[in-house]
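To start, I am sharing the structure in question, which I have written as structure tokens.
Any read-out appearing in this document is the output of simple, stated calculations on the displayed coordinates, not a laboratory observation. Quick caveat: nothing in here was measured; it's all calculated off a predicted structure. Neighbour counts run over all protein chains shown; Cβ positions are idealised from the backbone, glycine included.
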Amino acid sequence: MDQFDSRESNYEYFAQGGLLINDGIIEKCGPLSSLIPFISEDVSIIDYSDKLIIPGFIDTHLHYPQIDVIASPGKDLLDWLERFTFRSEAKYQNPDWANQSSEFFLEELLRNGTTSALVFGTVHPESADALFSAAFERNFRLITGKVAMDRNCPEYLQDTPESSYEEALELINNWHLKGRLQYAITPRFAITSSEAQLEKTAELACLYPNMVIQTHLAENVDEVAWMKELFPKHRSYLDVYDQYGLLRPNSIYAHCIYLDELDEKRLHTTQSSIAFCPTSNLFLGSGLMNLQHYLNKKIQVSLATDIGGGTTFSMLRTMGRAYEVAHLRGDVMSAFDLFYLATFAGAKVLGLDRHIGNFMPGKEADFIVLDLKATPLMERRINSCQTLEEELFVAIILGDDRNIQATYLMAEKKYQRM
Ligand code: GUN
Ligand code: ZN
């Protein structure tokens, strides 16, 4: 399966279906009748017969230290960072604050049906440490990193080229590939890293050629103009990351609203990917990313909430805003394409498609139970739907955390709606 296939090949639906799971791993998925021969007496059965079971959502870009910044009305990205965000991130030097925020953050993800996430910490290694620890306790599939930033931000949030490298190495030694956790190399964006820090980041990336890389790219017009002043010799914003060897499979660039044709070619040939953050782009007034154009160019795109520039933890709501942004660009996305973006596309860009993203045998049983009739209006509207796609579309446009009845990680129930 891939993102560029026709939508018909990108989903399977069983009206009377089941998942057969052993030790947290999917053994079979199919019509109930095909599973019955494999159900012995010691198999316990959970019945969700009037609900839809789908793979857990995969959020490929968000900032856990920004949970207290959501809904802060900045004029634009740079104003919002300066007036609200940096100040809030300063608190993550305190391990107690980082610990309690990590707990809250993961519970909120589970409440919204998100079972895997690629997350920014702050500059403080304590922030990544706390989130890794809380995710490990829950067996949550989480990728995070300590942010590298050594200039153009308040001094209390600055590290150095050497400390960012050393602290990353220590976190890698402690957490990378422990259970379902992975470390991500996390320079905040070109503006807040000196060339010396980008060189150390490149060194780290060489040392770990398969490690996920996450950063921001071409989100806002003033940001792009500032980047040009800071890196006058570089052809483009993307070219800065390219020169430091940061474009490669499993590198994930958030936003990418302002790219040119050469940038697009480089993203494609290096198999780098874009995290589309529609609620954030709308809220911060950043612009309308051209989703269908990138898909036409066979650039990998996944979906993300970008909390706290983004305005919701719900990937259903995020799909709704993705639909609307694409629509304003003249394209009509199908419900299947949008669900794909929120699930398997995320698994692919993170290099995790062998483990998560759908219900193929051998995958980890991370799934959610969707209640499509969570409110009287939704129930009424679903009752007039003729097809599965219509029903999914209703969930995308009207839905949110209210539709998540339960969330399972490797077949263990971690959230149950009251
Ligand atoms: N660019 C650099 N830092 C950030 C951030 O925290 N949020 C967003 N949306 N863009 C950024
Ligand atoms: Zn971001």
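Only residues that are more than 14 Å from ligand 2 (Cβ to nearest atom) and either under 30 Å from residue 161 (Cβ atoms) or among the aliphatic types (A, V, I, L, M) (or both): list them for the stretch 246-264, please.
246, 247, 248, 249, 250, 251, 258, 259, 260, 262, 263
Looking at the stretch 97-152, which of its residues are over 13 Å from the mean Cα position of the chain (by Cα), of a type in the set (Val, Ile, Thr) and outside any loop (DSSP other than H, G, I, E, B)?
Once the filter is applied, which keeps residues that are over 13 Å from the mean Cα position of the chain (by Cα), of a type in the set (Val, Ile, Thr) and outside any loop (DSSP other than H, G, I, E, B), the stretch 97-152 yields only 147.
When residues of the stretch 218-253 are filtered for being among the hydrophobic types (A, V, I, L, M, F, W, C), touching a residue at least 40 places away in the same chain (Cβ under 8 Å) and at negative phi, how many remain?
Selection size over the stretch 218-253: 7.
Related question: Can you pull out every residue in the stretch 298-323 that is out of contact with any Phe, Trp or Tyr (no Cβ under 6 Å at 6 or more places or on another chain), within 22 Å of residue 247 (Cβ to Cβ), within 14 Å of ligand 2 (Cβ to nearest atom) and not charged (D, E, K, R)?
Matches in the stretch 298-323: 302, 304.
Restricting to the stretch 287-297, name every residue that is within 16 Å of ligand 2 (Cβ to nearest atom) and surrounded by fewer than 23 Cβ atoms within 10 Å (Cβ to Cβ).
287
Provide a single number: the residues in the stretch 43-79 that are surrounded by fewer than 21 Cβ atoms within 10 Å (Cβ to Cβ), outside any loop (DSSP other than H, G, I, E, B) and within 16 Å of ligand 2 (Cβ to nearest atom).
2
Name the residue, out of 88, 40, that is in a helix (DSSP H, G or I) and out of contact with any strand residue (DSSP E or B) (no Cβ under 8 Å at 6 or more places or on another chain).
Within the list 88, 40, the selection yields 88.
Here's another thing I want to ask about it. Of the residues that sit in the stretch 359-397 and are in contact (Cβ under 8 Å) with a residue 12 or more places away in the chain and basic (Lys, Arg), which one is surrounded by the most Cβ atoms within 10 Å (Cβ to Cβ)?
Among them, the one singled out is 363.
So that you can scan it fast, the table gives a plain yes or no per residue for (1) touching a strand residue (DSSP E or B) at 6+ places or on another chain (Cβ under 7 Å); (2) under 30 Å from residue 412 (Cα atoms):
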position: 132; (1), (2): yes, yes
position: 141; (1), (2): yes, yes
position: 145; (1), (2): yes, yes
position: 148; (1), (2): yes, no
position: 152; (1), (2): no, no
position: 163; (1), (2): no, no
position: 167; (1), (2): no, no
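Restricting the search to the stretch 224-245, which residues are in contact with a strand residue (DSSP E or B) (Cβ under 8 Å, 6 or more places away or on another chain) and within 16 Å of ligand 2 (Cβ to nearest atom)?
Matches in the stretch 224-245: 237, 241.
Right, next: Hey, residue 283 hits all of (1) within 16 Å of ligand 2 (Cβ to nearest atom); (2) out of contact with any Gly (no Cβ under 9 Å at 6 or more places or on another chain); (3) not polar (S, T, N, Q) but one; which does it fall short on?
The number of the failed condition is (2).
What do you reckon, is residue 164 within 16 Å of ligand 1 (Cβ to nearest atom), surrounded by fewer than 23 Cβ atoms within 10 Å (Cβ to Cβ) and not in a strand (DSSP E or B)?
It is false that residue 164 is within 16 Å of ligand 1 (Cβ to nearest atom), surrounded by fewer than 23 Cβ atoms within 10 Å (Cβ to Cβ) and not in a strand (DSSP E or B).
For the stretch 82-101, check the following and say yes or no: at least one residue is surrounded by fewer than 16 Cβ atoms within 10 Å (Cβ to Cβ), within 29 Å of residue 226 (Cβ to Cβ) and within 16 Å of ligand 2 (Cβ to nearest atom).
yes
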